[in-house]
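Take a look at the structure below.
Every number here is computed from the coordinates shown, using simple stated rules; none is lab data. Being a predicted model, the structure only gives us computed values, none of them experimental. Neighbour counts are summed over all protein chains in view; Cβ atoms, including those assigned to glycine, are modelled from backbone coordinates with ideal geometry.
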Amino acid sequence: MATHDNSFHIAVMPGDGIGCEIMDPCLDLLQRVQRAAGGFALKFETLEAGADLYRRTGTALPEETLRRAGAADAILLGAMGLPDVRYPDGREVGPQLDLREEFQLFAGIRPVRTFPGLPVPLSDPRAASLDFVLIRESTEGLFSSRVRTEFKDGAARDFLEITRPASERLFDFAFRLARQRREDGHPGRVTCVDKSNVLGAFAFFREIFHERAKAFADVDADVCYVDAMALRLIRNPWANDVVVTENLFGDILSDAGAALMGGMGFAPSADIGEDRAVFQPCHGTAPDIVGTGKANPTAMYLSAALMLDWLGQQHGESACRDAAMMLQGAVERAFAAGTLNPCETGGTDGLAEITRRVIDELD
């Protein structure tokens, strides 16, 4: 972990497709805000992982990469996976899922935050200033079957697994986050999303939620079926504060949240465990635009800001949190004038122009 001289070891995995293109300018921005904030240093170590590596070597996440990533203070990922590279059973290659399970990164943080200049799809003025967080449990749920699907008698069966220990640590994390957000002026409310009216595993999930809510009596707690939440995300997403749910539901709803921000290229993420965390953009590798300069790096830069903030909290390093605010603020100001028009949303501004604007704001 962090050394006595306030330096942080960051394991960097550029990944595949546009992941490789957006990583270098992201590291440059991190170095810029680190120098501006002072008081700490970032030391980057690039490690190989991903679908292209699997295609070349037969291994998507080498043991050495896993070992060195485990020794780092944080892990910064580009996008991973390629549509035409699959495991023998047909699944896409996704080392990010292996990292979540290996390091027990149980809290998948998907912030939904809009700011002036983003191409938000909803016309209601409240949609231009959304600020809520979706948390997906990232170590079990329906995803836990991804390597143990049962094929028998002409049928394929996957299994939903929800355990008490995983649910308790997830809900406690959500309530603590809501308490922290309330100090910053947010409602301080946690909404549990499930399908407890149909599946017993989700009834168990909701029961544990209500149990843990009693330990956080100062934080509001409510519940919502997943279909009703899908409706809310379109009709009145500003009603949310902290939304917590199972792995698969969170995977789906977080993409809807990204759409509220203007698209996947604007959506950052963090996968957080007890003492380790991975930060990466929510978008895919977009092999169809590799080399064209059209990639939108916004989500990558915002994910890097999340990493700085997490390092600052974990290690009591206020300069890291200052650097996080610098980077996030520069991204927001770059869009504030309304003159940035990313290729992702039909415009002509890609990686170089968006990065230039962010650097201008930092300078």
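Connecting C-alpha atoms closer than 10 Å in a GNM of the chain, tell me which of D220, D309, D184 has the biggest fluctuation.
Result for the chain, Cα springs under 10 Å: D184 fluctuates most.
For each of F175, F204, count neighbouring Cβ atoms within 10 Å of the residue's Cβ, then give the residues from fewest to most. Kindly include the intermediate steps, with their values, before the conclusion.
Values: F175 25, F204 16.
In order of increasing Cβ crowding within 10 Å: F204, F175.
If you count, for each residue, the other Cβ atoms within 10 Å and average over each peptide, how do 150-157, 228-235, 97-104 line up from highest to lowest?
97-104, 228-235, 150-157
Using the scaling law 2.2 N^0.38 Å as the reference, what is the normalised Cα Rg of the stretch 120-261?
Cα Rg divided by the expected 2.2 N^0.38 Å: 1.11.
Computed over the Cα atoms of the stretch 35-78, what is the convex hull's projected area averaged over all directions, in nm²?
3.9
Kindly state, as a whole number, the per residue volume in cubic angstrom of the convex hull around the alpha carbon atoms of the stretch 55-195. Kindly include the intermediate steps, with their values, before the conclusion.
On the way: hull volume 29.5 nm³, N = 141.
Measuring per residue, one finds 209 Å³ for the Cα hull of the stretch 55-195.
Which of the DSSP-defined H helices in the chain satisfy a minimum axial length of 27 Å, computed from C-alpha atoms, and a minimum mean Kyte-Doolittle hydropathy of 0.0?
Sorted by number, the helices that extend far enough and score high enough are 18-37.
So what are the radius of gyration and Dmax for the Cα set of the chain, in Å?
Considering the chain through its Cα atoms, Rg and Dmax are 19.9, 64 Å.
Could you line up V12, V331 from fewest to most neighbouring Cβ atoms inside 10 Å?
So the ranking, lowest neighbour count to highest, is V12, V331.
When only C-alpha pairs under 8 Å and at least 6 residues apart count, what is the relative contact order of the chain, in percent?
It rounds to 20 percent for the chain.
For the peptides 237-243, 213-219, 312-318, what is the packing order when you average, over each peptide's residues, the other Cβ atoms within 10 Å and list the highest mean first?
237-243, 312-318, 213-219
Give the separation of the Cα centroids, the stretch 303-363 to the stretch 259-273, in Å.
Between the Cα centre of the stretch 303-363 and that of the stretch 259-273, the gap is 13 Å.
Determine the calculated [θ] at 222 nm for the chain from helices alone, applying -39500 (n - 2.57) to every DSSP H run no shorter than 4 residues and normalising by the residue count; nearest 500 deg cm²/dmol.
Working: 11 runs with 151 residues, N = 363.
-13500 deg cm²/dmol, from helical runs alone.
Based only on Cα atoms, what Rg/Rh ratio does the stretch 122-204 have, Rh being taken as Kirkwood's radius?
Result: Rg/Rh = 1.11.
Take the Cα atoms of the stretch 87-158, find their three principal axes, and give me the spread along each one in whole Å, biggest first.
54, 30, 19
Taking the highest mean first, how do the peptides 343-352, 262-271, 193-202 order by number of other beta carbon atoms within 10 angstrom per residue? Please report the intermediate quantities before stating the final value.
Details: 343-352: 16.1, 262-271: 24.0, 193-202: 17.6.
For the peptides 343-352, 262-271, 193-202, the packing ranking is 262-271, 193-202, 343-352.
Please work out the ratio of the alpha-carbon Rg of the stretch 265-340 to 2.2 N^0.38 Å and round it to two decimals.
Cα Rg divided by the expected 2.2 N^0.38 Å: 1.23.
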